[in-house]
1. Go through (1) open to solvent by 30 Å² or more (accessible area, probe 1.4 Å); (2) of a type in the set (Ser, Thr, Tyr); (3) not in a helix (DSSP H, G or I) for SER56 and report which single condition fails.
2. Could you check how many residues of segment 145-171 are under 28 Å from LYS92 (Cβ atoms) and either open to solvent by less than 50 Å² (accessible area, probe 1.4 Å) or aliphatic (A, V, I, L, M) (or both)?
3. I'm told THR136 meets every condition in (1) surrounded by 12 or more Cβ atoms within 10 Å (Cβ to Cβ); (2) more than 18 Å from the chain's Cα centre (by Cα); (3) modelled with pLDDT under 95; (4) not hydrophobic (A, V, I, L, M, F, W, C) except one. Can you identify the failing condition by its number?
4. When you scan segment 190-248, how many residues do you find that are touching a His at 6+ places or on another chain (Cβ under 7 Å), part of a helix (DSSP H, G or I) and open to solvent by less than 10 Å² (accessible area, probe 1.4 Å)?
5. I need a count of the residues in segment 181-228 that are among the small types (Gly, Ala, Ser) and within 12 Å of ASP112 (Cβ to Cβ).
6. Within segment 86-102, is even one residue open to solvent by less than 40 Å² (accessible area, probe 1.4 Å), farther than 15 Å from TYR4 by Cβ and touching a Lys or Arg at 6+ places or on another chain (Cβ under 7 Å)?
7. If the Cβ limit is 6 Å and pairs must be 6+ apart or interchain, which residue in segment 185-206 that is without any contact (Cβ under 8 Å) to a residue 40 or more places away in the chain pairs with which residue that is in a loop (DSSP other than H, G, I, E, B) and open to solvent by 40 Å² or more (accessible area, probe 1.4 Å)?
8. Out of all the residues in segment 70-83, which are free of Cβ contacts under 8 Å to residues at least 60 places away in the same chain, of a type outside the set (Val, Ile, Thr) and in a helix (DSSP H, G or I)?
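The values are calculated or read from the model by the stated rules, or taken from the named source; none is laboratory data. Predicted model, so just to flag it, every value in this text is computed and none were measured. Note that each Cβ is placed from the backbone with ideal geometry, even for glycine, and that neighbours are counted across all protein chains shown. For the accessible areas, the whole protein counts, side chains as well, though only heavy atoms, and no ligand, DNA or RNA atoms are used. Shrake-Rupley method; radii C 1.70, N 1.55, O 1.52, S 1.80 Å.
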Amino acid sequence: MLSYTEFGDYTPTDTTPALIIVHGLYGSGRNWGVIAKRLSDSRPVITVDMRNHGQSPREPTHSYPDLADDLAQVINHLNVPVDVCGHSMGGKAAMVLALQNPTLLRRLIVADIAPVAYGHTQQMFIDAMRAVDLTTLSRRSDAESQLAEAGVERALQSFFTQSLDVPNKRWRLNLDVLEAEMPKIIGWPDVAGQFDGPTLFLSGGASDYVGPQHRDHIKSLFPAARFAKLPGAGHWLHAEKPREFEAALRIFLDA
């Protein structure tokens, strides 16, 4: 089963479910620790490490039905009412979960991603991480310097190195499988179903991942979908505008 971390001392109820946060590609639950801790002042919050990331198992596949099944296993194990928030890859996994198992969750938040295939790849970041000479590292900043030399912007240097196991000189990412499965990760599976529960598509105002051209398709799968943008935020909206992101989640979850 996926590795997960729990925040807060509250008992989940039908009116205040636990919130499961699902990270994006190359991330981990650790990236969401500050937001999870803040949101846990009024509800239990659970951050997961998706397969091939963080402390979770290494698997040979990385399709969205697989990722959704992993989340369903965690929810069934917890056996409590839940809401789910997923960002990017995690948002796609959360959408497939909701479409295939709509009774497992109450509300869904999809952060800056649409249920469509995208044309861009994330291969360049795998190449940059592979180029880091792990044998020379004594601290995360050493890897950040090497990523900078590979052309990775500063914010992403810090993000990527949170998945670096410096003492054991390895990445906590299964880069081989993520590379092999990249077409599935940037794609969208042929999945049937509909989720009628409250759904928020929360996007960065400066991001083009969710556009007007996607809304009809989104509404066909998520009829109760609402749309909101965080002004000035890009794709990494939770990192760029954490307080605004947190406030938007509170308003939606407490409605």
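1. (1)
2. 15
3. For THR136, the exception is condition (1).
4. If we filter segment 190-248 for residues that are touching a His at 6+ places or on another chain (Cβ under 7 Å), which is where we start, we get 204, 207, 209, 238, 245.
Now restrict to residues that are part of a helix (DSSP H, G or I): 238, 245.
Checking which are open to solvent by less than 10 Å² (accessible area, probe 1.4 Å) leaves us with 245.
Summing the residues that are touching a His at 6+ places or on another chain (Cβ under 7 Å), part of a helix (DSSP H, G or I) and open to solvent by less than 10 Å² (accessible area, probe 1.4 Å) in segment 190-248 gives 1.
5. First pass over segment 181-228, keeping only residues among the small types (Gly, Ala, Ser): 187, 192-193, 197, 203-207, 211, 220, 224-225, 228.
With the extra rule that they be within 12 Å of ASP112 (Cβ to Cβ), the set shrinks to 203-207, 211, 228.
Residues meeting the conditions: 7.
6. Step one: of segment 86-102, the residues open to solvent by less than 40 Å² (accessible area, probe 1.4 Å) are 86-99.
Okay, now just the ones that are also farther than 15 Å from TYR4 by Cβ, so 87-89, 91-92, 95-96, 98-99.
Remaining after also requiring touching a Lys or Arg at 6+ places or on another chain (Cβ under 7 Å): none.
No, that holds for no residue.
7. Taking only residues 6 or more apart or on different chains, the pairs are GLY205/PRO231; GLY205/GLY232.
8. Restricting attention to segment 70-83, the residues satisfying the condition of being free of Cβ contacts under 8 Å to residues at least 60 places away in the same chain are 72, 75-76, 79.
Retained after the next criterion (residues that are of a type outside the set (Val, Ile, Thr)): 72, 76, 79.
Answer for segment 70-83, where residues must be free of Cβ contacts under 8 Å to residues at least 60 places away in the same chain, of a type outside the set (Val, Ile, Thr) and in a helix (DSSP H, G or I): ALA72, ASN76.
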